[in-house]
Each structure stands twice: as structure tokens, then as C-alpha cells.
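Worksheet for the structure shown next.
Since every read-out is calculated from the coordinates, none of them should be taken as a lab result. Quick caveat, the model's predicted, so the values are computed rather than measured. Glycine gets a Cβ as well: all are built from the backbone with ideal geometry, and neighbour counts include every protein chain shown.
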Amino acid sequence: LGVIEQVEPRIAQATRQELTDQRASLKLIASENYASLPVLATMGTWLSDKYAEGTVGHRFYAGCQNVDTVEAVAAEHARELFGAEYAYVQPHSGIDANLTAYWAILAHKVETPALAEFGAKGVAELSEADWETLRHRFGEQRLLGMSLDAGGHLTHGFRPNVSGKMFHQRSYGTDPNTELLDYDALAAQAREFRPLVIVAGYSAYPRRVNFAKMREIADEVGAVLMVDMAHFAGLVAGKVFTGDEDPVPFADVVTTTTHKSLRGPRGGMILATGEYAPSVDRGCPLVLGGPLSHVMAAKAVALAEARTAEFRTYAQNVADNAKALAEGLLRRDARLVTGGTDNHIVLLDVRNFGLTGRQAESALLESGIVTNRNSVPNDPNGAWYTTGIRLGTPALTSRGFTTSDMDEVAGMIVDVLRSTKPTTTSTGAPSKAKYTLPEQAREASLTAADTL
Ligand code: PLP
């Protein structure tokens, strides 16, 4: 930091303060973690300075021999760790991975057959009329993904998102009573809608998914099965999710982030069957800009860490800690979406405390507990204020928290939320954002967070 200090002290100060803050609070944001020192160190190198558009051995720039090594090693680790036929480690983030995957599926399923039909080798050879036909066919394709308020991600076809505009989209939800995925309802929806792509995976669903069933549904309607395992990639890598819960043997294309439960650098990745490899491999430069070579190197280091027995223990602890957190909350009369968890996420419905998600998030933050507000199924408060708090255990598990620590954390959360009272706006109307939290409750939580 001394080197940065000399150039821009405010950046050195913000970086130092971030370390202090991350150490001083309980990080329960389900999508966050603490990357190891080797991963962090690998990101801070001169590999960042190199342009390397293209793919291994096929670059649009000279002098890419070291980036070739980096990308090949990262892809090799990814293939071996997840048992995938093909891995693409260039996407800069999870959203980039999803957009690249959608584009590759469209290229493979729509563009390649059209080129053969029109007798062209590439789009550059198409006549204006054939090009228009191809563009029209791209625009006709359908995607079925999990709705945002059931726990899906924006890129799973949410209408305002680019994915909802690339495709004609429909969303599947969860059963209104159990709040669990209803595979029969999903199958019926797929039969009626006939999508090109079914997307499985989630950002805020606290349960495991049966990917064998997802494969059956996709096969029945002739759809491509894409799984976004951004949230639970660490549990797949750590062999907590095996058999029907491991997406890789069942999906055509799997996308992920590398920075959540997988505990790597901020970035994305795509795994695919060999059939999709040539299309995905053209992601850069057709969808993505030049690869972040330093981040690909850090992905290789994180994937090497994820192969170890220690990582398997870590992944099992993440799931055990989530269960302990859920049980601790339930024992203190909290309501959880789906009644519990069997992954790394706990979705707490804060209605019983008389609060919105926004009020609960702010009160917890003040008390040293960092979470994020989240919609619950059929949320009465909408996506901004929300009715839920999403909690996740990957980060605290990295700090060595045990199941009994998680029970203590559950107690702290309930104590803070019980002490928090909603207040009114200046016009006297109930506010969805304002609240009061007695100093004593805040201090008690901060002290407990400190001792943990
Ligand atoms: N996919 C899922 C399921 C996610 O939860 C997220 C991020 O929260 C993403 C994709 C996007 O990842 P990124 O923020 O790296 O673009």
C-alpha cells in the first residue's frame, strides 16, 4: 500500500479501510468470500499489461506465449476439477459468462445450421437477404429461466435485462405453498412454451436442484440445458453436490462466477460439452474484450486450491454452517423461505419483525452484520425495499466459523431485528426505509461481532 500511497493516498486509504471493515464485520453476503493470499497476489501482476484477444494458440496479437500457458493451465484445472469436456476461463464476470454462453448456444443452434442452409462459410459471405433471415431467426428464439423473485438471476431472462431482450422469455417460479421448485409445473410450462434454452441455477434459492430432472425436461422439449452455478460452484468443486445435484454431467453448458463459494478472483467461466466448444471458444472477441490475463492466472491458482482435501472440508463446512444458521434462526421463531436450507443460502423473511428488507439490512449493517436485502416469492414490497434478507455462509466459513458460532450469529441477528422498530416518514406515513435501533442493542451486537 505504501507504493499506492505515494501516487494516490485516497486509494491507499480506501483499500486499507476496506480491510479493516471486512475484518471488523460479519460478512454474510451469500455471494462474497475471502480469496486466499496466493489468489490476491496473482491478480496484482504485469500479466495485466498484455493484450491477448483470441484463444490459446490462436491470438490476434503477437507475444502471447505466457498468456497461452496461463489460460491453458486454468482451463485444464477447470476441466479436471469439474469433470467437464471443455472449459473457457476468459469471461470477466458471471454476467459476461452468461451472455457469452447465450451467444454460443445461438451460434451453434441457429447460425451454424443457417450458414449451411445458405451455402456460406461465415456471416461475411451471406447476401443481404440471407443476413436478414438469420437476424430474424436469432430474434425468434425462446428462453425459460427462474424468475427473479423465486431466486433466479437478472440474466436468466428478466425482462429489463439484456437477456430478456435477446430472447422471447418466460419465467418459472416456485410452488406457492412449499416455495420449492415444482418440476412438474416446470415441465408443463416447457411443453407449452417450447424454449430453445432452459436455464437452471439461482442467486437466492436456499435449496439444491435436481439436474437429472432438469435434463429430462429439456430433453422432452428438445431444449438446450444451461446451468448457472455461480452461487454453488464451490459446493460442486468440493463434492458436496454430487450425483443428480452436480450440474456438469447433465447440462450442455454450465456457467459460473469464480469469486463466490469457489473462493477465487472476481471473474466468470464456462464449462461445456465438446459439441459447444467451438462456439464458446469464439467468445473473445465476438462477445468479450481482451482477456484479463492476470485474473485467468488467479483463476488457475484458485482452481488448484479447490482440488485439495482442505477445500472439500471447507465446502462441507459451508453447507453445515448454513444448516446451523437456519436452525438457530428457526429455534428463535424466525420464518425462512422454504423452511430451511440445504445449500449455502438462508433466506430470512423479516415480515414477522414488522420490517422491510431494507430496514433489516440497514439495522444489521449498523450492528456489524453485513447482509443484503432480497425479494421473497411474491414479495409485497417490490425489488427495492423487499421483504427478505439473504444470508450466506461461504465467507464466515473461510474465517473458520463453526456450527456453534453460526448459532451465536443467528442469536445476534434475531436480537437486532427484534430491537429494530420501523418509523414514519415526515408526513407521518409508515416508512419502508426508516427505523430506530436502540444504541444498547447496536453496541451489544458490535461487541459480540468483535469477539467472534
Ligand atoms: N449468475 C448468478 C446466479 C449470480 O448470482 C450472479 C451474481 O450475483 C451472476 C451470475 C453475475 O455475476 P457477476 O456479478 O460476476 O457478473
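A few points about this structure:
- Estimated at 0.36 nm per residue, the fully extended path between ALA433 and GLU128 surpasses their Cα-Cα distance by 104.4 nm.
- Alpha-carbon centroids, region 126-146 and region 163-215: separation in whole Å: 23
- Modelled spin labels at ARG135 and GLU310, positioned 7 Å past Cα toward Cβ, are 5.4 nm from each other.
- Compactness relative to 2.2 N^0.38 Å, alpha carbon Rg of region 101-190: 1.37
- Whole-number Å³ per residue for the convex hull built on Cα positions in the chain: 173
- Those aspartates and glutamates that a straight Cα-Cα span of less than 18 Å connects to LYS121, excepting residues fewer than 8 apart in one chain: GLU111, ASP130, GLU132, ASP281
- Angle in degrees between helix 211-221 and the longest Cα principal axis of the chain, rounded to the nearest 10: 40
- Temperature 20 °C, viscosity 1.002 mPa s: under these conditions the Stokes-Einstein estimate for region 1-116, based on its Kirkwood radius over C-alpha pairs, is 119 µm² per second.
- GLN13 paired with ASP175, simple spin-label distance in nm, labels 7 Å along Cα-to-beta-carbon: 5.6
- Dividing the mean sequence gap of close Cα pairs (under 8 Å, 6+ apart) by how many residues the chain holds gives a relative contact order of 21 percent.
- Ordered from longest to shortest, the equivalent ellipsoid semi-axes for region 323-422 are 20, 14, 13 Å, each the square root of 5 times a Cα gyration tensor eigenvalue.
- Over all orientations, region 247-339 has a Cα convex hull whose mean projected area works out to 8.5 square nanometres.
- Stretching ALA41 away from ALA120 to a fully extended chain increases their span by 23.7 nm, per 0.36 nm per residue minus the current alpha-carbon distance.
- Summary of packing: across the peptides 195-201, 320-326, 19-25, the per-residue average of other C-beta atoms within 10 Å ranks them, highest first, as 195-201, 320-326, 19-25.
- For region 392-452, the spread of Cα coordinates along the three principal axes comes to 47, 23, 14 Å, biggest extent given first.
- Value at 222 nm in deg cm²/dmol, rounded to 500, when DSSP H runs of n ≥ 4 in the chain each add -39,500 (n - 2.57): -13500 deg cm²/dmol
- When each of LEU1, LEU154, LEU235 is scored by the number of other beta-carbon atoms lying within 10 Å, the sequence from fewest to most is LEU1, LEU154, LEU235.
- Each Cα pair under 8 Å and six or more residues apart adds its sequence gap; the mean of these over the residue count of region 131-274 is a relative contact order of 18 percent.
- For LYS165, the lysines whose Cα falls under 23 Å of its own Cα, not counting residues fewer than eight places away in the same chain, are LYS109.
- A simple spin-label model places pseudo-atoms 7 Å from Cα toward Cβ; at ASP320 and ALA277 they are separated by 3.9 nm.
- Stretched out straight at 0.36 nm per residue, the stretch from ALA72 to ARG159 would grow longer than its current Cα-Cα span by 27.7 nm.
- Förster radius 41 Å - calculated FRET efficiency between THR242 and THR451, Cβ distance, rounded to 0.05: 0.65
- Basic side chains Lys and Arg get +1 at the Cβ, acidic Asp and Glu get -1 at the Cβ, and with that the dipole of the chain about its Cα centre reaches some 880 debye.
- Set of region 49-70 residues, backbone N closer than 12 Å to the point 7 Å along the Cα-Cβ line of GLU80: none
- Here LYS323 is the anchor, and the lysines within straight C-alpha reach of less than 26 Å, apart from those fewer than 8 places off in the same chain, are LYS27, LYS213, LYS239, LYS260.
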